[in-house]
1. Condition first: touching a residue at least 60 places away in the same chain (Cβ under 8 Å), in contact with a helix residue (DSSP H, G or I) (Cβ under 7 Å, 6 or more places away or on another chain) and open to solvent by 30 Å² or more (accessible area, probe 1.4 Å). Can you find one or more residues in segment 200-210 that meet it?
2. Go through segment 173-200 and report how many residues are over 14 Å from the mean Cα position of the chain (by Cα) and not in a strand (DSSP E or B).
3. Got a number for residues in segment 129-159 being outside any helix (DSSP H, G or I), more than 16 Å from the chain's Cα centre (by Cα) and buried (at least 21 other Cβ atoms within 10 Å of the Cβ)?
4. Which residue is farthest from A161 (Cα to Cα), if the candidates are limited to segment 201-227 and must be touching a Phe, Trp or Tyr at 6+ places or on another chain (Cβ under 9 Å) and either among the hydroxyl-bearing types (S, T, Y) or part of a strand (DSSP E or B) (or both)?
5. In contact with a Leu (Cβ under 7 Å, 6 or more places away or on another chain) and either open to solvent by less than 30 Å² (accessible area, probe 1.4 Å) or acidic (D, E) (or both): does that describe N97?
6. Could you list, in sequence order, all residues of segment 228-273 that are under 14 Å from V211 (Cβ atoms), part of a loop (DSSP other than H, G, I, E, B) and open to solvent by less than 90 Å² (accessible area, probe 1.4 Å)?
7. With respect to G103, determine if the residue is touching an Asp or Glu at 6+ places or on another chain (Cβ under 6 Å) and open to solvent by less than 30 Å² (accessible area, probe 1.4 Å).
8. Please state which of the following conditions E117 fails to meet, knowing it meets all the rest: (1) modelled with pLDDT of 95 or more; (2) open to solvent by 30 Å² or more (accessible area, probe 1.4 Å); (3) of a type in the set (D, E).
Amino acid sequence: MVVHPHAPVTARADPTGPARPGPADLRTDPPRWLGARWWGTGLTGVASGAHAAEKLRRDGGPQVLPVRVDLAREQGVQELVAAVEATGRPLEALALNAGRGTGGAFVGGTDLRDELEVVDLNVRSTVHLAKRLLPGMVQRGAGRVLFTSSIAATMPGPFQAVYNASKSFVQSFAEALRNELKDTGVTVTALLPGPTDTAFFERADMGDTRVGSGKKDDPAQVAAQGFAALMKGDQTVTAGSLVNKVQTAAGKIVPDKLKAAQHRRMAEPGSGD
């Protein structure tokens, strides 16, 4: 999602092709939080999920102008950037949330095309969008950026090997950019949600796993916590339950071997039976 304030006409755009939610599917709530924050100033935004646009209309939010693209493809990223630039308005906030996962054994249990698409969407599109949209913020000396990482970024991910690695990349990328941009007026925040109640696990074919069939966090709560951290300019926020916060803190001292074993117990196919 991208947000432009102080526009004469309020609008919003909607940029994903097939829905590809990440572990915290923020497709409904960030538009509401961001729309409320800049209500009355004029808003142009870009977010994932066509239903988010309709929700803004129902809630009395800004007028919505949807733009639908597939961010797993380079052409989709370019089309989204072009749509943002076509508004002719300064970029105030950027939430890089597009992501998806795939579950199963890397050898013999997953499809290479699926895994490369995870890399294209979670990693490549994030870098590409940041590269194209951050310079304008830096030039203005103002802006806020929210990267959706994951608590998966803090541990090796047996049976989600490519997904966890992609989120580790996003986490490292976000923290590096925060340091680079510390004197520019642009803040960078990383959101680390845990298992969240979205279609993520179903689409990742993980319904029979312990994590896929277990208790999950409310996506509205995750979105609210991410928005609050974005507005405060926090470096990171672990969203959702206390368990997520404990897990993130423990991840700093627990050996990777033990974290990998724990992840295997949660993500191995059939573990939820």
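The values are calculated or read from the model by the stated rules, or taken from the named source; none is laboratory data. Computed from a predicted model, the values in this text were never measured in an experiment. Cβ sites come from the backbone with ideal geometry, for glycine too, and all protein chains shown count toward neighbours. Note: accessible area is taken over every heavy atom of the protein model, side chains too, but ligands, DNA and RNA are not part of it. Shrake-Rupley method; radii C 1.70, N 1.55, O 1.52, S 1.80 Å.
1. Yes; the residues of segment 200-210 include at least one that is touching a residue at least 60 places away in the same chain (Cβ under 8 Å), in contact with a helix residue (DSSP H, G or I) (Cβ under 7 Å, 6 or more places away or on another chain) and open to solvent by 30 Å² or more (accessible area, probe 1.4 Å).
2. Within segment 173-200, residues that are over 14 Å from the mean Cα position of the chain (by Cα) and not in a strand (DSSP E or B) number 13.
3. Summing the residues that are outside any helix (DSSP H, G or I), more than 16 Å from the chain's Cα centre (by Cα) and buried (at least 21 other Cβ atoms within 10 Å of the Cβ) in segment 129-159 gives 4.
4. So the residue we want is S213.
5. The answer is yes for N97.
6. G240, S241, E268, P269, G270, S271, G272
7. Criteria met by G103.
8. (2)
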